[in-house]
Amino acid sequence: MSLGEVELNKKLANIDFSDGEILGMLKDLPDACCIFQVVTDPFGTVKDMQFLFVNEKYASLVGKSAPELVGSTFYETVSNRDEDWIRLSYQAAIMRQSVINRTYNTKYNKWFEFWAVPVYKKGFCAFIIHDVTAEKREEENRTIQNNSNRIIIECAKSMNSNDFKTGINLVLEQLGNELSAARVFVVERKEDGSVGQFYSWSHKNTGIGLPTVKIFKKFDFFGMWQRQLDEDNISIINDIKSVNEHAPEIFEKILEGIITNYMVATLRDHDRIIGYMVADNYNYEADFDIENVFETVSMFVASELSNYNLKQEIDNLR
């Protein structure tokens with residue numbers, strides 16, 4: 001610490017703020033703030049907290065006026081309460097420890113950071129509540145973007161570093177694991193519209209008993225998928241019952257009770273559809289951009305499939 005900082009601290013230590021001045025500072029805080037005296041049972045367990053002071057931002061946050069809150073207890077007046085407050089108030093008021101906690105409030109759909117600090121004497125504490133929703137969303141978006149890029153790069157490496165069949169199997173397995181899916185597969189669509197080659201990865205437990213190639217050949221899955229896709233490259237079906245609108249026979253005979261959700265992406269060679277990539281029973285709460293990753297990977301899978309088919313045609317002519 002520099003000599004100037006030492007002198008400044010000495011001066012600040014000698015300033016005697018009145019109670020009114022301190023409360024005035026708290027009222028002007030940009031964040032919600034309140035001061036409590038904890039209410040304990042005979043054993044010293046914190047059961048409630050009595051408001052001694054609240055600023056307008058805190059009163060607005062809980063939907064009460066400041067006069068309604070001051071003198072009342074936390075449980076009497078606050079409906080959108082967090083049970084962590086009792087634990088935090090005990091640490092701050094009784095144990096005299098400063099605590100920082102971050103929590104999600106379902107009522108407001110926001111993230112809040114709580115600072116609980118000891119004040120005055122044992123049994124008293126202050127809470128400062130800071131809205132960190134924007135910061136939290138930014139962190140989450142950054143994590144989602146980084147994870148999405150990582151998965152896309154890993155799949156691209158697997159596809160480009162191996163022969164087609166090895167590469168496609170590795171990519172389907174990588175996608176399946178990242179999506180926590182029961183199965184991820186690619187089914188080729190021949191020029192006459194019939195079912196071609198089938199490449200699949202299935203989870204050893206949840207991937208059992210799913211529709212087979214024989215089923216795809218018997219029922220018009222291509223037509224159903226195309227109606228769901230319309231002009232888009234990808235379609236996400238999170239409510240399997242909606243399939244009943246597009247293909248009631250497939251829903252009733254094949255999917256109902258077996259498939260809970262799925263995602264399908266078109267594989268194209270320029271304007272021609274050469275197949276579809278599908279993920280069955282996947283976790284749609286993954287920590288990456290599912291739609292972007294699946295669509296992006298499907299594009300270079302389509303390119304590799306097209307090149308592979310062209311190579312096969314050339315080899316057959318020799």
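Checking each residue in the range 51-62 for being in contact (Cβ under 8 Å) with a residue 24 or more places away in the chain and closer than 17 Å to Pro118 by Cα picks out Phe51, Leu52, Phe53. On the basis of being touching a strand residue (DSSP E or B) at 6+ places or on another chain (Cβ under 7 Å) and modelled with pLDDT of 90 or more, does Val301 make the cut? So Val301 passes the test. When the residues of the range 167-188 are filtered to those that are small (Gly, Ala, Ser) and in a helix (DSSP H, G or I), the one that is nearest to the chain's Cα centre (by Cα) is Gly176. Here the condition is being closer than 30 Å to Ile153 by Cβ, surrounded by 13 or more Cβ atoms within 10 Å (Cβ to Cβ) and over 20 Å from the mean Cα position of the chain (by Cα); of Met277, Met263, it holds for Met277 alone. Considering the conditions (1) surrounded by 15 or more Cβ atoms within 10 Å (Cβ to Cβ); (2) free of Cβ contacts under 8 Å to residues at least 24 places away in the same chain; (3) of a type in the set (Ser, Thr, Tyr); (4) closer than 18 Å to Ile274 by Cα, Ser200 is excluded by exactly one of them, (2).
For the range 240-247, the condition of being at pLDDT 95 or above and hydrophobic (A, V, I, L, M, F, W, C) holds for none of the residues.
Every condition in (1) farther than 26 Å from Phe300 by Cβ; (2) in contact (Cβ under 8 Å) with a residue 40 or more places away in the chain holds for Ala286 except the one numbered (1).
Counting only strands (runs of 3 or more DSSP E) that sit wholly inside the range 63-166, those with at least 3 residues that are in contact (Cβ under 8 Å) with a residue 40 or more places away in the chain and surrounded by 15 or more Cβ atoms within 10 Å (Cβ to Cβ) are 124-131.
So that you can scan it fast, the table gives a plain yes or no per residue for (1) modelled with pLDDT under 95; (2) out of contact with any strand residue (DSSP E or B) (no Cβ under 9 Å at 6 or more places or on another chain):
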| site | (1), (2) |
| --- | --- |
| Glu113 | yes, no |
| Lys122 | yes, yes |
| Phe127 | yes, no |
| Cys155 | no, yes |
| Lys165 | yes, no |
| Leu179 | no, no |
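Of all residues in the range 280-303, those satisfying the criterion of being surrounded by fewer than 18 Cβ atoms within 10 Å (Cβ to Cβ) and closer than 18 Å to Asn169 by Cβ are Phe300, Ser303.
The values are calculated or read from the model by the stated rules, or taken from the named source; none is laboratory data. None of these values were measured; they are calculated from a predicted model. Here the Cβ is made from the backbone with ideal geometry for all residues, glycine too, and neighbour counts use every protein chain on show.
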